[in-house]
Amino acid sequence: MQDLLSCKRLEKNQQNMAQQKEVWQRGPLPDITPLLQPVAHALLQAREEVNAYMEDFSPVLLWERPAGMASPGFHLQHLSGVLDRVFTYAKGEGLSPFQFAQLEEEGKDAEHGYTTKELVERFDRQVDLALEQLRATDPAILPDYRGIGRAGLPSTVIGLLVHAAEHTMRHVGQLMVTAAVLKNGVA
């Protein structure tokens, strides 16, 4: 019965999202330069989709890997982590020991056992921090060089910010498919 209720809620959320305009169709966001509007729109769209699709997702399924694919727990951790890391590089900073620890944790449950809500809320907070950074980004620095990682791989501020948005949406898509397979017992 619980599975049936979860499926009904998922269907309702999908119908509501289908009826609602996508974030980019709702117009410009205040206090974000026009050049970074697509990045902000993508991050907000990702947040809406993750929250809708992961509502009532059983924590028992978080670490399941259907067909050997990445687990929903991994995707949720990675979504937060990659935003944090790439936006850190965009600021011209290196990663902190905490960020390295989070990277090492991706794909693993916490000792206390993560809930879906905890991982979704972590992603929501990271999107909020990313939006704050976008608001504070001076458009004049967008073409500036930024080194990635210890090797200092070449990129630019705008390159990193766009990559963060693209990478986020790619993992949201993977998360949605994996979650749907697990929720519907197809695996």
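The values are calculated or read from the model by the stated rules, or taken from the named source; none is laboratory data. If you're wondering where the values come from, they're calculated on a predicted model, not measured in any experiment. Quick reminder, even Gly has a Cβ in these numbers, built from the backbone with ideal geometry, and neighbours come from all protein chains shown.
In the set (1) under 16 Å from the mean Cα position of the chain (by Cα); (2) under 18 Å from residue 39 (Cα atoms); (3) free of Cβ contacts under 8 Å to residues at least 60 places away in the same chain; (4) surrounded by fewer than 18 Cβ atoms within 10 Å (Cβ to Cβ), the condition left unmet by residue 177 is number (2). In the set 161, 142, only one residue is hydrophobic (A, V, I, L, M, F, W, C) and closer than 19 Å to residue 82 by Cβ; that residue is 161.
Examine the range 98-115 for a residue that is among the charged types (D, E, K, R) and either more than 29 Å from residue 58 (Cβ to Cβ) or in contact with a strand residue (DSSP E or B) (Cβ under 8 Å, 6 or more places away or on another chain) (or both), and state whether such a residue exists. No, the range 98-115 has no match at all.
Is it true that some residue in the range 125-137 is crowded, with 16+ Cβ neighbours inside 10 Å, free of Cβ contacts under 8 Å to residues at least 60 places away in the same chain, among the charged types (D, E, K, R) and out of contact with any Pro (no Cβ under 9 Å at 6 or more places or on another chain)? No: the range 125-137 contains no residue that is crowded, with 16+ Cβ neighbours inside 10 Å, free of Cβ contacts under 8 Å to residues at least 60 places away in the same chain, among the charged types (D, E, K, R) and out of contact with any Pro (no Cβ under 9 Å at 6 or more places or on another chain).
Answer with yes or no whether residue 10 is modelled with pLDDT of 95 or more and either surrounded by 12 or more Cβ atoms within 10 Å (Cβ to Cβ) or basic (Lys, Arg) (or both). The answer is no for residue 10. In the set (1) closer than 28 Å to residue 29 by Cα; (2) out of contact with any helix residue (DSSP H, G or I) (no Cβ under 8 Å at 6 or more places or on another chain); (3) surrounded by fewer than 17 Cβ atoms within 10 Å (Cβ to Cβ), residue 159 fails one condition alone, (3).
One residue alone among 105, 111 is modelled with pLDDT under 90 and surrounded by 12 or more Cβ atoms within 10 Å (Cβ to Cβ), and that residue is 105. Restricting 70, 101 to residues that are of a type in the set (Gly, Ala, Ser), within 25 Å of residue 149 (Cα to Cα) and touching a residue at least 24 places away in the same chain (Cβ under 8 Å) narrows the list to 70.
Across the range 17-38, the number of residues qualifying as more than 17 Å from residue 168 (Cβ to Cβ), in contact (Cβ under 8 Å) with a residue 40 or more places away in the chain and part of a helix (DSSP H, G or I) comes to 1. Scanning the range 153-163 finds one or more residues that are more than 18 Å from residue 39 (Cα to Cα) and hydrophobic (A, V, I, L, M, F, W, C).
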